[in-house]
Amino acid sequence: MTILEPFENLTKRSCSVNLEQILLQIFPVPADFYSCMANTEKLFEKAQKMLLKQKFDAAFEIFRELLVYEPGNEAVLLNLADLSYRLERKDDYLRFHRLLADLYMEHKVLPKAIATCQKILKTTPQDIPTLARLALLLKQSGKTSEAIDAFRKASVAYRRNQNVAQALECLQHRADLDPDSLDAQTELAEVACETGNPALGASALMRAGKIARKNGMEERWAEMADRAHRLDPSNKAAGIAAAEVCLARGRAREAALLLEPLSLAAPDDLKVLELLCRAYLSSREFGKAEPLCLRLYQTNPETISLAEQLIRGLLSNGEKARAFELLGAIKEQMCLGQGMKNEFLALAEQVYHADENNLEILELLPPLYNEFNRESDLRLALARLFNLYLASERYDKAADTLESILDVDPYGIAHSDRLLNLEGHIDNVWYRNIAARISVPGLGLSSTSGLSQEQNGEPKSGPPAALDDLIVEAEICHRYNLTSKLMDVLQRIDRHYPGAHITHASLSELYEMSGFEPAPFENPAEVGASTSETVPQPAPYEELGKISSIAMLIHRQGTPERVLSTAAEQLGTLVGASRCWISIGRRGSDPITAEYIAAGLTPSDPQAALTVCSLLAELVGIGPEGWTVDRVASVKQLEPISSQLHQLGIFSFVAVPLIDKEQLEGILLLEQCQAPRRWTEGEKVLARSVASQVAIAIHSTRLRRLVRSLAGTDLSTGLLPRSVYLDCLLAEARRAEEQSRPLSVCLMEPSGAARLSRTYGNLEMQSYIRRVGGIVSSRVRQNDIAIRYGSCTFALCLPDTPLADSRPLIENLQSQLCQVKIDSVVSPDFCAVAGELFFGMGFDAVDAVTEVINRLEGSMETMRKQPGGRILLSTFAG
């Protein structure tokens with residue numbers, strides 16, 4: 001609709017509006033109304049003449065008459081309003097502007113309606129209905145801030161005039177427009193209470209409380225939640241909030257009373273159930289909390305903390321059986337469904353420590369310890385499990401546990417004593433098989449010979465059981481009232497470890513509770529010396545005691561090369577050999593070799609060493625004993641390689657085969673170069689044991705590589721996919737922490753990757769990334785892990801690499817990648833960020849890996865904003 005300005009185009013009319021009833025009340029219709037309608041044209045002409053002659057009174061009357069005939073004519077209303085202003089008729093001025101505002105609102109011409117209302121308010125600022133109308137128009141036109149201010153002013157004016165109902169309506173509009181305003185919601189609640197509307201007041205208070213809590217005003221939130229619940233007890237949200245306040249203030253029972261009816265009314269409301277469960281736990285009503293805990297955990301596994309709290313509460317309450325039942329109820333979902341085996345293990349340990357004689361809970365621990373490679377905990381759990389089985393006379397179970405102990409620690413010094421306790425209680429064949437595993441190869445000593453000596457009243461020649469194991473065994477005997485067995489164990493402790501009760505408080509308590517009198521002992525500082533005098537140990541046991549530590553180091557290595565180098569260095573250093581050469585690889589394949597060289601010697605010639613090892617492998621075969629030569633010059637079988645032996649300067653050697661599944665895989669060679677040497681029996685045993693551990697470790701690393709390959713590869717690049725990124729980092733982090741080795745991680749991508757993708761398109765970029773992936777795969781070190789992290793991003797896991805040493809590796813790879821071209825011209829630079837895992841006190845692999853992932857992604861976002869192939873080394877700032 002075209003709006004006409006005052007005094008112009010008066011002969012033109014606009015379409016009429018439905019204001020006739022209003023105008024007829026102001027201006028009654030003359031009797032000759034219909035006969036006069038034909039004369040409107042003349043009236044417009046007449047009004048125009050009056051205006052030109054500046055006869056405004058006459059013009060005003062003519063326009064009033066025209067308004068009766070055409071009440072929706074905007075031009076007529078505009079002229080009447082303008083003439084009222086000229087004639088200083090304030091009431092008419094306001095009346096005609098209000099009619100104009102009604103006309104504009106009816107036709108939804110909001111800008112002109114707003115302008116008209118503003119003109120009215122400029123003349124009469126206290127016109128509250130117009131102010132409210134203006135606020136509504138501003139809201140409809142999307143002018144939020146102006147509308148909020150107008151509603152605020154209108155509500156203040158209405159409240160000043162005691163018109164609370166209208167004030168409440170304005171405040172509701174204001175609260176809708178400004179939902180994050182604490183003042184708006186609070187004022188709405190106050191006015192709602194004044195008007196006797198508690199439901200609206202409670203809702204407004206809840207919204208105000210939510211805003212206060214979001215801004216950190218906990219006390220004010222608590223006050224508003226409590227007041228909202230008192231205003232409207234039927235408001236569910238207010239009831240839940242009031243219960244939260246009670247829980248926060250330590251009024252758990254009061255919170256439970258508030259939540260119980262809500263849970264009955266809405267039995268599927270998880271939030272209500274969780275709060276009710278917390279209330280029961282806080283008030284130590286564990287019987288009521290248990291079904292809620294289980295239901296919540298099955299519905300939402302993230303509520304596992306409630307189950308943990310319940311288990312701890314049951315344990316503190318002495319209800320160990322119920323705690324164990326609850327642990328069993330959540331085991332399957334926690335371990336298999338969520339993969340939270342570590343958390344489950346921590347819970348199981350808490351239950352176990354509350355009752356260390358509980359066989360059922362102790363049986364859960366060894367498999368978990370084994371899975372997480374916690375060898376020391378595994379050995380301790382198996383030892384205690386063995387003693388518990390023994391005390392409860394479950395000898396078959398005890399024998400199974402002993403075999404598990406032998407799998408974990410084949411060279412432990414307490415195995416013979418454990419086997420002695422099984423004699424006569426298990427099948428003889430089984431007994432002999434276990435005894436054979438405990439036997440010491442090459443020494444003519446076995447657990448069975450030691451047992452027969454003890455039965456004949458002779459002292460056993462092997463070393464005594466470890467003191468800690470004996471103390472654990474004594475504690476179990478005391479708890480199960482096995483008096484005769486307890487006295488026997490205490491006598492053994494006193495015989496093998498005289499004076500140990502002086503430095504071990506637990507042993508002293510056992511002596512006192514059982515009434516055992518230890519033998520007099522004057523000098524506790526010489527306990528170790530007297531022990532060695534009481535029980536003489538053959539020299540070979542010194543070497544045997546070191547096999548376990550060497551085996552542990554070997555099995556921690558991630559690649560065959562590191563397995564061989566670690567074994568060669570450890571064994572060569574331990575026996576004081578001139579060299580230790582290890583070669584592995586079947587015929588027809590390139591062997592992997594490693595060599596330890598003593599100070600002052602030169603490295604072996606590779607070809608000569610391989611020739612010597614090849615012949616020795618044929619001579620030794622797959623016999624586990626190997627071949628020892630104290631003087632090579634006197635052995636005729638070595639004549640074919642005499643020149644090589646002379647070149648290498650070998651006078652004596654011990655050669656041991658590396659055997660895997662009855663197949664000869666390689667050979668381990670201890671060399672003495674300065675002069676002939678007579679190798680001791682213990683050194684031979686040590687070499688054979690290390691050789692067997694090397695063969696096992698090599699097989700394990702190959703299996704690990706196979707498992708890694710089964711994870712699949714990215715089809716475009718041949719690298720590992722993004723899905724294995726977290727698992728690889730966690731595994732390497734745990735290995736690095738166990739070995740006290742550094743671990744670095746790197747992210748690389750072409751500089752301006754997003755721009756390149758837009759420029760060249762998806763197909764061209766995929767071809768380029770495929771070529772880049774091939775170079776990454778071929779250039780990384782054998783022990784490094786390369787992963788396609790994103791569409792254009794690659795991740796590198798760099799074991800045994802400090803952050804400072806990662807830069808040369810990255811620069812080398814960067815220089816190779818920069819030579820790859822997208823087309824015949826463009827070869828993008830590569831930017832990279834690298835970080836090192838932080839291994840500090842209380843190290844947790846998940847936390848450390850999460851921290852470095854977030855740190856690298858943040859750094860890469862920074863690098864993407866900077867041009868060029870830069871390298872950023874990110875350090876841990878915590």
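Please give, to one decimal in nm, the separation of the simple spin-label points placed at residue 214 and residue 266, each 7 Å out from Cα toward the Cβ.
That separation, rounded to one decimal, is 2.0 nm.
How much length is gained if the chain between residue 781 and residue 633 is pulled fully straight, taking 0.36 nm per residue apart and subtracting their Cα-Cα distance, in nm to one decimal?
Computed gain between residue 781 and residue 633 is 49.0 nm.
Once amide H atoms are placed 1.01 Å from N in the peptide plane, what residues at a sequence separation of 5 or more from residue 781, or on another chain, have their amide H within under 5 Å of its amide H?
HN-HN under 5 Å from residue 781: empty list.
Which whole-number value in Å³ per residue fits the convex hull of the alpha carbons of the stretch 54-200?
119
What nm distance separates the two modelled labels at residue 156 and residue 549, each placed 7 Å from Cα along Cα→Cβ?
Using points 7 Å along Cα→Cβ, the separation is 8.3 nm.
Let me check I've understood the local charge: for residue 776, count other residues with C-beta under 12 angstrom from its C-beta, Lys and Arg +1, Asp and Glu -1. What total comes out?
For residues surrounding residue 776, the net value is +2.
Quick one: work out Rg over Rh on the C-alpha atoms of the stretch 557-701, Rh as Kirkwood radius.
In the stretch 557-701, Rg relative to Rh is 0.92.
Go through 76-87, 631-642 and give me the packing order, highest mean Cβ count within 10 Å leading.
Put in order of decreasing packing, that is 76-87, 631-642.
How much length would be gained if the chain were fully extended between residue 143 and residue 468, taking 0.36 nm per residue of separation minus their Cα-Cα distance, in nm to one decimal?
Residue separation times 0.36 nm, minus the Cα-Cα distance, leaves 109.0 nm.
Tell me, in nm to one decimal, what length is gained between residue 230 and residue 643 on full extension, where the rule is 0.36 nm per residue of separation less the Cα-Cα distance?
138.5 nm
Determine ³J(HN,Hα), in whole Hz, for all residues of the stretch 215-226 in sequence, where each value follows from phi through the Karplus function 6.51 cos²θ - 1.76 cosθ + 1.60 and θ = phi - 60°; x replaces Gly and Pro.
Taking θ as phi minus 60°, the curve returns 8, x, 8, 5, 5, 5, 4, 4, 5, 5, 4, 5 Hz for the stretch 215-226.
Of all alpha-carbon pairs in the stretch 356-436, indicate the percentage at a distance above 19 angstrom.
32
Cα convex hull of the stretch 467-514: mean projected area in nm², to one decimal?
2.8
Using the heavy atoms of the protein chains and a 1.4 angstrom probe, tell me the accessible area per residue for the stretch 712-874 in square angstrom.
Heavy-atom accessible area per residue stands at 46 Å².
So what are the three principal axis dimensions of the stretch 783-878 from its Cα atoms, in whole Å, longest to shortest?
The Cα atoms of the stretch 783-878 stretch 53, 29, 22 Å along their principal axes.
Sorted from largest to smallest, which semi-axis lengths in Å does the alpha carbon gyration tensor of the stretch 182-257 give for its equivalent ellipsoid, taking the root of 5 times each eigenvalue?
That gives 21, 15, 7 Å for the three semi-axes.
Over 12 Å apart: what share of the alpha carbon pairs of the stretch 815-864 falls there, rounded to a whole percent?
Summing the P(r) tail past 12 Å for the stretch 815-864 gives 70 percent.
Mind checking which of 633, 686, 576 is farthest towards the positive end of the stretch 557-701's charge dipole, using Cβ charges of +1 (Lys, Arg) and -1 (Asp, Glu) about the Cα centre?
The residue sitting most towards the positive pole is 633.
Taking R0 as 60 Å, what's the FRET efficiency between residue 183 and residue 804 from their Cβ-Cβ distance, rounded to 0.05?
Result of the calculation: an efficiency of 0.60.
Using only the alpha-carbon atoms, what does the stretch 712-874 span along each of its principal axes? Please give whole angstrom values in decreasing order.
Each principal axis gives a Cα extent; for the stretch 712-874 these are 51, 33, 23 Å.
Just to confirm, what accessible area per residue do you get for the stretch 205-292 at 1.4 Å probe, in whole Å²?
50
With every protein chain left in place, what is the accessible area per residue of the stretch 557-701 in square angstrom, probe 1.4 Å?
That works out to 44 Å² per residue.
Counting only DSSP beta bridges with both residues in the stretch 712-874, tell me the antiparallel percent, nearest 5.
Bridges in the stretch 712-874 that DSSP calls antiparallel: roughly 75 percent.
The values are calculated or read from the model by the stated rules, or taken from the named source; none is laboratory data. Please read these numbers as outputs of a predicted model, since none were measured by experiment. We place every Cβ from the backbone using ideal geometry, glycine too, and count neighbours over all the protein chains shown. Calculation scope for accessible area: heavy atoms of the full protein, side chains included, ligands and nucleic acids excluded. Shrake-Rupley method; radii C 1.70, N 1.55, O 1.52, S 1.80 Å.
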